[in-house]
Amino acid sequence: MKVLIVFAHPEPRSLNGALLDVAVSELKRLGHDVQVSDLYAQGWKSEVGRGDFPSLGQSERLKPAAASKQAFEAGTLTSDVKAEIEKLLWADVLILQFPLWWFSMPAILKGWVDRVFAYGFAYGVGEHSDKRWGDRYGDGTLKGKRAMLVVTAGGWEEHYSDRGVNGPIDDLLFPINHGILYYPGYEVLPPFVVYRVDRLGDAGFEPVAEGLRQRMRGLATAEPIPFRRQNGGDYLIPSMQLRAGLERPGANGFALHLDQAGDAGREGKLHSLGSSPRHACGGR
Ligand code: FAD
């Protein structure tokens, strides 16, 4: 397989840097081809601006989505963005690795998404009509590929559990897993989350590294998060609301968009995938 890791940490000697080395070594040992986009090392520009659209006239009003569409179609996106798009098309698996900063990804990685997930490539794809609302959420350019998050967090696993004060980790990661990765078609694997990392110490490293190696070994076979397909019949058109009666009793919010029919093993837990040992590694 071909694996692209997009890495967002400013310090190669960090825990994240060490975990990146672990992932790359394990993937290579397994015979996979690996590319890493090390965003800080590349000096990635995170903000969208006029400079992203060289073909835009000086006096022309910048409309970011329209400019993205025009530049993608005309092949005039900047070379750094084009190179990342090529890597995404090359890779069978995309991994986004980052420390949790303010309950989300570091700005540099969000800026990578903003600039690389262009109109016509990652959104605005497919038929938009009164019968179909585009190819997204399970369909799209990146359909057939897999994606996964590798995240380190200072907070405890309990703090990110169903009743934890930070909110459930899968709810916090939903905008990334569902809104960014599933949207253009990726099958999204459960995240590898390491908690309480600031107190990990040297002794705590090896169990975490081994957990990550295991997840690298399972990239091709792991069961993806069972997000509902937009075009699979579960949603009304054009309101794009989930049809009544499809949800499990008591489900609401993000959990509505998980299709857990027939999965008795989850015992009705609709938004705590991250609290399962299958998905999470408590770095303690
Ligand atoms: P490092 O600081 O590099 O290392 C962490 C520990 O790992 C060290 O103590 C070190 O002893 C140990 N370690 C063991 N082996 C190694 C090795 N081989 N190499 C390096 N270190 C090793 N946390 C939350 O939970 N929620 C938030 O919303 C949140 N927001 C944040 C916002 C900001 C701006 C910042 C700076 C931090 C925030 N944090 C938050 C905490 C953050 O998630 C952690 O600090 C981060 O995940 C730690 O990852 P790191 O790679 O920087 O770790």
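The values are calculated or read from the model by the stated rules, or taken from the named source; none is laboratory data. What you see is a predicted model; the values in this text were computed from it and never measured. Virtual Cβ from ideal backbone geometry, glycine too; neighbours counted across all protein chains shown. Ligands, DNA and RNA are excluded from the accessible area calculation, which covers all protein heavy atoms including side chains. Shrake-Rupley method; radii C 1.70, N 1.55, O 1.52, S 1.80 Å.
Structure data summary
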read-out: Which numbered condition Arg13 fails, given (1) away from the ligand (no atom under 16 Å from the Cβ); (2) open to solvent by 60 Å² or more (accessible area, probe 1.4 Å); (3) more than 27 Å from Arg146 (Cα to Cα); (4) not β-branched (Val, Ile, Thr); value: (1)
read-out: Candidate set from segment 143-157 (those that are away from the ligand (no atom under 12 Å from the Cβ) and outside any strand (DSSP E or B)); member that is surrounded by the most Cβ atoms within 10 Å (Cβ to Cβ); value: Lys145
read-out: Contacts under 7 angstrom Cβ, first residue in segment 178-190 being closer than 15 Å to Met105 by Cβ, partner among the β-branched types (Val, Ile, Thr), 6 or more apart; value: Ile180/Val113; Leu181/Val188; Val188/Ile225
read-out: Enumeration of residues in segment 110-124 that are open to solvent by less than 30 Å² (accessible area, probe 1.4 Å) and either in contact with a strand residue (DSSP E or B) (Cβ under 7 Å, 6 or more places away or on another chain) or not small (Gly, Ala, Ser) (or both); value: Trp112, Val113, Arg115, Val116, Phe117, Phe121
read-out: Scan of segment 233-264 for residues that are of a type in the set (Phe, Trp, Tyr) and open to solvent by less than 40 Å² (accessible area, probe 1.4 Å), ordered by number; value: Tyr235
read-out: Residue selected from segment 17-49 under the condition of a type outside the set (A, V, I, L, M, F, W, C) and within 16 Å of the ligand (Cβ to nearest atom), by the criterion nearest to Thr152 (Cα to Cα); value: Gly17
read-out: Residue list for segment 200-232, restricted to those being without any contact (Cβ under 8 Å) to a residue 60 or more places away in the chain and open to solvent by 40 Å² or more (accessible area, probe 1.4 Å); value: Gly201, Asp202, Ala203, Glu206, Glu210, Gln214, Thr221, Glu223
read-out: Exclusive hit being under 17 Å from the mean Cα position of the chain (by Cα) and more than 23 Å from Ala67 (Cβ to Cβ), set Gly167, Gly179, Gly138; value: Gly138
read-out: Among the residues listed as Gly120, Gly185, the single one being out of contact with any helix residue (DSSP H, G or I) (no Cβ under 9 Å at 6 or more places or on another chain), more than 16 Å from the ligand (Cβ to nearest atom), within 21 Å of Val81 (Cβ to Cβ) and not β-branched (Val, Ile, Thr); value: Gly185
read-out: All positions within segment 235-263 that are without any contact (Cβ under 8 Å) to a residue 40 or more places away in the chain, part of a loop (DSSP other than H, G, I, E, B) and touching a helix residue (DSSP H, G or I) at 6+ places or on another chain (Cβ under 9 Å); value: Leu246, Glu247, Arg248, Asp259, Gln260
read-out: First in segment 7-19 and small (Gly, Ala, Ser), second anywhere and more than 6 Å from the ligand (Cβ to nearest atom) and in a loop (DSSP other than H, G, I, E, B), Cβ under 6 Å, 6 or more apart; value: Ala8/Pro106
read-out: Residue in segment 36-43 that is exposed (fewer than 12 other Cβ atoms within 10 Å of the Cβ) and in a loop (DSSP other than H, G, I, E, B) present; value: yes
read-out: Segment 44-54, residues that are out of contact with any Lys or Arg (no Cβ under 9 Å at 6 or more places or on another chain), open to solvent by 60 Å² or more (accessible area, probe 1.4 Å) and either among the β-branched types (Val, Ile, Thr) or in a loop (DSSP other than H, G, I, E, B) (or both); value: Pro54
read-out: Complete set of residues in segment 62-106 that are open to solvent by 60 Å² or more (accessible area, probe 1.4 Å) and within 16 Å of the ligand (Cβ to nearest atom); value: Trp101, Trp102, Phe103
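Yes/no matrix, rows are residues, columns are (1) within 13 Å of the ligand (Cβ to nearest atom); (2) in contact with a strand residue (DSSP E or B) (Cβ under 6 Å, 6 or more places away or on another chain):
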position	(1), (2)
Ile108	yes, no
Arg136	no, no
Tyr160	yes, no
Leu172	yes, no
Pro175	no, no
Val197	yes, yes
